[in-house]
Amino acid sequence: MKCCSSPPTGFFRDGTCCTGPSDHGRHVVCAQVTDAFLQFSLSRGNDLITPRPEYAFPGLKQGSKWCLCASRWTEALEAGCAPPVILSACSEAALKYTSLNALMQHAVPE
């Protein structure tokens, strides 16, 4: 299932949270980002707010749906600011980094 249709998200920019050997960040958690998460990510050196057209990255704002790195989502969970997830659009590979229970507790109604 697609995380969103526009702007295209995911490591392969195909709208899905699929992963492969070249995806070192494992962009497998489909999240609806919050301002708190965006600020948390920025504080960790990953600016998800500023557009980067050279990487087909539009910049995110509260409510944007995006495939996040599993480790960053887990880090945000531990810090108390994990954004909600679209469970049906997360890759099964996310379970290597976090529990199904944690994802389910942060799932938005679909």
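Brief remarks follow.
- Set of aspartates and glutamates near Lys61 by C-alpha distance (under 14 Å), chain-local residues within fewer than 8 positions excluded: Asp35, Asp47
- Mean residue ellipticity (222 nm) of the chain, computed from DSSP H runs ≥ 4 via -39,500 (n - 2.57), nearest 500: -6000 deg cm²/dmol
- Fully extended contour minus Cα-Cα distance, from Arg44 to Cys81, at 0.36 nm per residue: 12.0 nm
- Amide N proximity, the stretch 27-71 versus Ala107 label position 7 Å along Cα-to-Cβ, cut-off under 19 Å: 28-33, 65-68, 70
- Projected onto its three principal axes, the C-alpha set of the stretch 64-110 covers 25, 20, 19 Å, listed from the longest axis down.
- Within the stretch 30-45: backbone nitrogen closer than 20 Å to the Lys96 label point (7 Å, Cα to C-beta): 30-31
Rule-based calculations on the coordinates, nothing more; no lab input. No experiment lies behind these values; they were computed from the predicted model shown. Note: ideal-geometry Cβ built from the backbone for every residue, glycine included; neighbour counts use all protein chains shown.
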